[in-house]
Amino acid sequence: MSEVLKGKLVAEKLKEDMKNKIEKLKEIGKHPKLGIVRLGNDPSDVSYEKSIIKNCDAIGIESEVFEKDADMTTEALSQFISELNDADSISAIIMFRPLPKHIDEERIRNVIKPSKDVDCMHPLNLAKIFEGDISGFAPATPKAAMEILLYNNIELEGKNVVVVNRSMVVGKPLAMMLLENNATVTICHSRTKDLKEITKKADIVIPALGKPKFFTKDYFTEDSIIIDVGVSMTEDGKLSGDVDYENVANYVKMITPVPGGVGSVTTTILLNQVVNACENN
């Protein structure tokens, strides 16, 4: 029987620390507020947004959603982000990615104010991660995966870890965080050859392809530890991870569920960085 690594316990510990910080901020007249920017109505973005708002309300963080058309121009989005940068009432900004293909994401990444960039889009914040400095803002999803590993005292030093994602949002920063803990990291992706053979040799596998139930039992061994970062919708409209949970959960050593795993901690990590932004601004 696999050990299920639920995100709830990790999130609750972080939330208790946050509540204390928020109370202290309010005593001096500061109120943490998150600005959420969404282009279009992607179902996974909307689902994540609802989770963020619910968690904001639960711990006393204000939030405001700025829903924009998916065909918004780079110039218009850049101008809008600049307005949020200058808004004293907004402590922090998050923008759902990937942005529509016609948007110049590189330009947008450079527009967002680093001190409000709680999802680590700006190159200056990303540079800290790649320099081994994890004291500042980090991408929430990879940091959540790390929090689950650390909370459950999963040994990383000298372990072989396979990350199935090469993006700047998840795979690359996560690899840097794992290296800081002396893990041996292999980054794979959708075009990797012999993926099954690579994942079966790993101690820890962190899938983040965004393909529901893609990873079946034959990608793992009985000693595998799986941190499932993938989130997408199945054909019948249900939220799913990359791993075929029903097929795998009673076989591997440890596994995170979806929902209830990395996603629940991701939101908490993000909000913790909102509180930190309010403290620092």
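Since every read-out is calculated from the coordinates, none of them should be taken as a lab result. Computed from a predicted model, the values in this text were never measured in an experiment. Note that we place each Cβ from the backbone using ideal geometry, even for glycine, and neighbour counts take in every protein chain shown.
Okay, here's what the table says:
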| item | result |
| --- | --- |
| DSSP beta bridge pairing in the chain, given as percent antiparallel to the nearest 5 | 5 percent |
| Whole-number D in µm²/s for the stretch 140-263 (Stokes-Einstein; Kirkwood sum over Cα pairs; 4 °C, 1.567 mPa s) | 92 µm²/s |
| Sequence-distant residues sharing a close amide H with Ser63 (under 5 Å, placed H) | Leu34 |
| Net charge over other residues, Cβ less than 14 angstrom from the Cβ of Asp194 (K, R count +1; D, E count -1) | +3 |
| The stretch 192-235 and the stretch 133-167: distance between their alpha carbon centers, rounded to Å | 16 Å |
| Taking Phe96, Phe137 and counting other C-beta atoms within 10 Å, the order from fewest to most | Phe96, Phe137 |
| Per-residue HN-Hα couplings for the stretch 268-274 [Karplus 6.51, -1.76, 1.60; θ = phi - 60°; Hz; x = Gly/Pro] | 5, 4, 4, 5, 4, 6, 5 |
| Inter-site label distance for Lys101 and Leu239 at 7 Å from Cα along Cβ, in nm | 2.8 nm |
| Theoretical ellipticity at 222 nm over the chain - DSSP helices of four or more residues, -39500 (n - 2.57) apiece, nearest 500 | -13000 deg cm²/dmol |
| GNM result for the chain, Cα springs below 10 Å: residue of Ser44, Ser264, Ser240 fluctuating most strongly | Ser44 |
| Built amide H within the under 5 Å cut-off of Val37, gap 5+ | Phe66, Ile94, Met95, Phe96 |
| For the stretch 122-132, 3J(HN,Hα) per residue [Karplus equation, 6.51 cos²θ - 1.76 cosθ + 1.60, θ = phi - 60°, Hz, x = Gly/Pro] | 5, x, 5, 6, 5, 4, 4, 4, 6, 8, x |
| Charge context of Asn41, other residues only, Cβ under 14 angstrom, K/R +1, D/E -1 | -3 |
| Stretch gain in nm, segment Val65-Asp194, where the contour uses 0.36 nm per residue and the Cα spacing is subtracted | 42.2 nm |
| Reciprocal mean inverse distance between Cα atoms of the stretch 28-114 - Kirkwood radius, Å | 13.6 Å |
| Surface/4 estimate of mean projected area, convex hull on alpha-carbon atoms of the stretch 195-255, nm² | 3.6 nm² |
| Using alpha carbons only: equivalent-ellipsoid semi-axes of the chain, gyration tensor based, whole Å | 31, 21, 18 |
| About the Cα centre, charge dipole magnitude for the stretch 28-114 (Lys/Arg +1, Asp/Glu -1 at Cβ), debye | 320 debye |
| Estimated dipole of the chain in Debye, rounded to 20 [Cβ of Lys and Arg +1, of Asp and Glu -1, Cα centre] | 280 debye |
| Least to most buried among Leu126, Leu5, Leu150 (fewest other Cβ within 10 Å first) | Leu150, Leu126, Leu5 |
| Val164 long-range amide H proximity, modeled H, under 5 Å | Cys188, Ile206, Ala208 |
